[in-house]
1. Counting just the residues of the range 87-106 that are of a type in the set (A, V, I, L, M, F, W, C) and in a loop (DSSP other than H, G, I, E, B), which one comes out modelled with the lowest pLDDT?
2. Within 42 Å of the chain's Cα centre (by Cα) and among the aliphatic types (A, V, I, L, M): is that true of Leu90 in this structure?
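The values are calculated or read from the model by the stated rules, or taken from the named source; none is laboratory data. The model shown is predicted, which means the values in this text are computed figures rather than measured ones.
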Amino acid sequence: MNNEEKILAMLESLTGKVDGIETDITSMKTDITSMKTDIKDIKGRVTNVELTIENKVYPMIQAIREGQIINREKLAEVDATVDDMASTVLALDVLHIRKPKPMKKIKQN
């Protein structure tokens, strides 16, 4: 094999390799286009999730928080009322204990 034949063989080999690389690049471009479409779809879905959180979830959380505050205030009122009732019952018990017993009347015959 002379030099020209060797060079031609090398060129053919390189041409085959370049063709393979071009095919790979075309395939990669197709994949990238598909990935860009997927990313665009994901961005849209993320935007929808953000809007749902902002417009529905946050107001619900705020309503729950406000309800807890109201419940805490009512519970404090109930606790105070129960404490007052307990004090009243204790005072009544003390009065009942200290209350003089009625004296028996002596029968006169």
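1. Taking the range 87-106 as the starting set, the residues that turn out to be of a type in the set (A, V, I, L, M, F, W, C) are 89-92, 94-95, 97, 103, 106.
Right, trim to in a loop (DSSP other than H, G, I, E, B) and you get 103, 106.
Values: Met103: 64, Ile106: 70.
Per the stated criteria, the residue is Met103.
2. Working: within 42 Å of the chain's Cα centre (by Cα): no; among the aliphatic types (A, V, I, L, M): yes.
Considered against the rule, which asks whether it is within 42 Å of the chain's Cα centre (by Cα) and among the aliphatic types (A, V, I, L, M), Leu90 comes out as no.
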